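A.B. asks: Before I ask anything, let me first share the structure, which is written out below as structure tokens.
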Amino acid sequence: MDGKTLQIMIAMIIYMTIVIVIGVVFAKRANKSSENYYLGGRSLGPWVTAMSAEASDMSGWLLMGLPGVAYWCGLADAAWTAIGLAVGTYLNWLITSRRLRRYSIRANNAITLPEFFSNRFREENKVIMTLSALFILIFFAVYASSCFVTCGKLFSTLFGLPYVPMMILGAVFVLIYTILGGFLAESASDFMQAIVMVTALTIIVVISTINAGGLGAVMENAHSIPGFFEFFGLGNPVVDENGVQLVENGAPVFGEAKTYTILSVCSCLAWGLGYFGMPQVLLRFMAIRKEEELVMSRRIAMVWVSISLAVATFIGIVGRALYPTAHLTASAAENIFITLSTSALPPIFAGFVMAGILAATISSSDSYLLIAASAFAKNIFAGVVKKNATDKQVMTATRATLLILALIAICFALDSNSVIFGIVSFAWAGFGATFGPLMVFSLFWKRINRQGAIAGMVGGAGMVFLWKLAIKPLGGAFGIYELLPAFIFSSICIVVVSLMTKAPSKEIEEDFDIVASQAVIE
């Protein structure tokens, strides 16, 4: 190991030590009760709520996946996805946050998403609770695997070590940290990691633009590639049978620009719909200490998201100007942020910037694992299997589930050629279609009933798999992002089944009226 690599490693070890210290500090408080462990006792302030929600949401794909898409095929896919996410973030904070915070307390002080849905419909046999917990387990196992892929690519690229051992090492670190501190430690460290992430992105894009010869040189290069810097066009890398881009005379080969249709734009904008069903974000709405502070949280979140998404997208454009042939596959393109960081900065500073990727990964994977584990332990183990379970038994079941989930996610992440953006997009669609329509209708439609809720969840989740595996490969108009048709189908299922079956009970309608009557118009 040379001196440069050693300095990078030292910087990252310092960062990881700080994260562990945060876990130790919050461990005692977090382990007082399952409510503290899962929801922090509803004690989050507006800054921590906003920053931890966005950091846990964005994950490693913000620093690797999104720049990789922009580097590989240009502006359109990355930019329209970023716009969809920014709009979705704003609408979710504006529409959902306050009423969910209020309704979760009315719903017997629900502290997990499955518990909220179950209590919202006053379930006795816990079908909604069980189904939603199982869907959370499935999609978060996929989601966590994308974070472990990020860890593996990061450590493998930096230190020249085999991918699989490095991926497992990152997974073990995340697992230990999550078991240690719970929701409070996760949220506190996510706040710090959100700052690290946006700082790292900004530093790298500024320095790399200067190294590339300035903004004019970057734009000139981008415009020289057909479709690369267009909102309604797409760069078309020419690849061989192994998916490796061809290089001629030291320059990457691009074919004619691909047409970017309105349908493609809608497909990318549909990413914004996913926010209405994202457990890691929705839990922050439930955990804030005062409902009124959600307004400030929304503003903080929007500033962070807008800067981060714009800079992450532009990093891919700058990277193609500086290192046009450094990454010749879609998977390798996701390493462009690492390449820019290690070449532009002194090793010790590069190490701290690399910690930005680790920050993004930790901030997401700990959320995913914790929410999934709580879904099983709190909602299936204590809610269905062993209804008289003690708080200590629930906590034990949580930690056992964390271990099993981590092992499953590791298995999903074993392929070093996995594309982070692709893994995230599927899990995002799964959550968005399974829980998004149900959340919106549960908060704002009095007539929704238990049968409609079940139909919406099952229909949304089923359509994500059906569209992804069977319909999307047909191409053409069917090639749109699976979240859009699945979200629409789930909404239809909720409305049709609710109207065809018995109306909710008087008690359920009274709960809805009480919550709705407390609404404050901003």
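A.B. asks: Expressed as an acute angle from 0 to 90° and rounded to the nearest 10, what is the orientation of the C-alpha long axis of helix 391-412 relative to the principal long axis of the chain?
C.D. replies: The helix 391-412 is inclined about 30 degrees to the chain.
A.B. asks: For segment 144-259, max minus min Cα coordinate along each principal axis, in Å, sorted largest first?
C.D. replies: Reported extents, whole Å, longest axis first: 52, 34, 29.
A.B. asks: Sticking with this one: By how many nm would the segment from Ile105 to Ile176 grow when fully extended, if each residue of separation counts as 0.36 nm and the alpha-carbon distance is taken off?
C.D. replies: The span from Ile105 to Ile176 would gain 22.5 nm if fully extended.
A.B. asks: State, to one decimal in nm, how far the label point of Cys411 lies from the label point of Val295, with both points 7 Å from Cα in the Cβ direction.
C.D. replies: Using points 7 Å along Cα→Cβ, the separation is 5.0 nm.
A.B. asks: Identify which of the listed values of mean projected area of the Cα convex hull in nm² was calculated from the structure shown: (i) 23.3; (ii) 25.0; (iii) 26.2.
C.D. replies: This structure yields the entry labelled (i).
A.B. asks: Determine how many Å³ per residue the convex hull of the Cα atoms of segment 320-359 encloses.
C.D. replies: Once divided by residue count, the hull of segment 320-359 is 60 Å³.
A.B. asks: How do 257-263, 436-442 rank on mean C-beta neighbours within 10 Å, highest first?
C.D. replies: 436-442, 257-263
A.B. asks: When you count, for each residue, the other Cβ atoms within 10 Å and take the mean per peptide, how do 465-478, 161-174, 189-202 rank with the highest first?
C.D. replies: 189-202, 161-174, 465-478
A.B. asks: Could you please report the charge total around Trp271, scoring K, R as +1 and D, E as -1 over all other residues with beta-carbon less than 14 angstrom from its beta-carbon?
C.D. replies: Once positives and negatives cancel, what remains is -3.
A.B. asks: Cut-off under 18 Å on the C-alpha distance; same-chain residues fewer than 8 positions from Lys126 excluded. Which aspartates and glutamates are left, in chain and number order?
C.D. replies: Within the straight-line cut-off, Lys126 pairs with Glu115, Glu507.
A.B. asks: Can I ask one more? Need one number: nm distance between label points at Glu124 and Ile195, each 7 Å from Cα along Cα→Cβ, rounded to one decimal.
C.D. replies: 5.2 nm
A.B. asks: Right, next: Dividing the alpha-carbon radius of gyration of segment 230-335 by 2.2 N^0.38 Å (N being the number of residues), what value is obtained?
C.D. replies: So segment 230-335 has a normalised radius of gyration of 1.50.
A.B. asks: Oh, and also: Test of understanding: what is the full-extension gain from Glu248 to Ile488, defined as 0.36 nm times their sequence separation minus their Cα-Cα distance?
C.D. replies: 81.8 nm
A.B. asks: What angle do you read, to the nearest 10 degrees and between 0 and 90, between the alpha-carbon axis of helix 127-159 and the longest principal axis of the chain?
C.D. replies: In the chain, helix 127-159 runs at an angle near 20 degrees to the longest axis.
A.B. asks: Shifting gears a bit: For the chain, find the longest principal axis of its Cα atoms and tell me its angle to the long axis of helix 3-30, 0 to 90°, nearest 10.
C.D. replies: 10 degrees
A.B. asks: Using Cα centres only, tell me the gap between segment 309-341 and segment 69-104 in whole Å.
C.D. replies: Taking the Cα centre of each part, segment 309-341 and segment 69-104 sit 22 Å apart.
A.B. asks: Number of Lys-Lys pairs in segment 375-522 under 22 Å by Cα, sequence gap 8 or more or different chains?
C.D. replies: Close lysine pairs found across segment 375-522: 5.
A.B. asks: Now a separate question. Convex hull over the alpha-carbon atoms of segment 378-522: what's its volume per residue in Å³?
C.D. replies: Dividing the Cα hull volume of segment 378-522 by its residues yields 196 Å³.
A.B. asks: Rule-of-thumb check for segment 288-370: C-alpha Rg over 2.2 N^0.38 Å?
C.D. replies: 1.40
A.B. asks: Stretch Ser517-Asp240 to full length: gain in nm at 0.36 nm per residue minus the Cα-Cα span?
C.D. replies: 93.6 nm
A.B. asks: How big is segment 346-437 along each principal axis, measuring the range of its Cα positions in Å and listing the largest first?
C.D. replies: So the extents along the principal axes, rounded to whole Å, are 57, 32, 26.
A.B. asks: While we're here: Give me the one-decimal nm value for the distance between modelled label points at Glu220 and Val87, 7 Å along each residue's Cα-to-Cβ direction.
C.D. replies: About 3.6 nm separates the two model spin labels.
A.B. asks: Note down, for segment 59-174, the three equivalent ellipsoid semi-axes (square root of 5 times each alpha carbon gyration tensor eigenvalue), biggest first, whole angstrom.
C.D. replies: Equivalent ellipsoid of segment 59-174: 35, 22, 11 Å, largest first.
A.B. asks: If you don't mind, there's one more thing I want to ask. Tell me the net charge near Ala70. Cut-off is 14 Å between Cβ atoms, Ala70 excluded, with +1 for each Lys or Arg and -1 for each Asp or Glu.
C.D. replies: Here the count lands on -2.
A.B. asks: Percent relative contact order of the chain, based on C-alpha pairs within less than 8 angstrom and at least six residues apart?
C.D. replies: About 30 percent, as a whole number.
A.B. asks: Determine the distance separating the Cα centre of segment 142-166 from the Cα centre of segment 483-522; give it in Å without decimals.
C.D. replies: Centre-to-centre (Cα) distance: 42 Å.
A.B. asks: Calculate, in whole percent, how much of the Cα-Cα pair population of segment 435-487 lies beyond 18 Å.
C.D. replies: The answer is 38 percent, as a whole percent.
A.B. asks: Mind ordering 229-242, 487-500 by average Cβ neighbours within 10 Å, highest first?
C.D. replies: Answer by packing, highest mean first, reads 487-500, 229-242.
Every number in this text was worked out from the coordinates using simple rules, so none of it is lab data. Predicted model, so just to flag it, every value in this text is computed and none were measured. Every residue, glycine among them, receives a Cβ derived from its backbone with ideal geometry; neighbour counts consider all protein chains shown.
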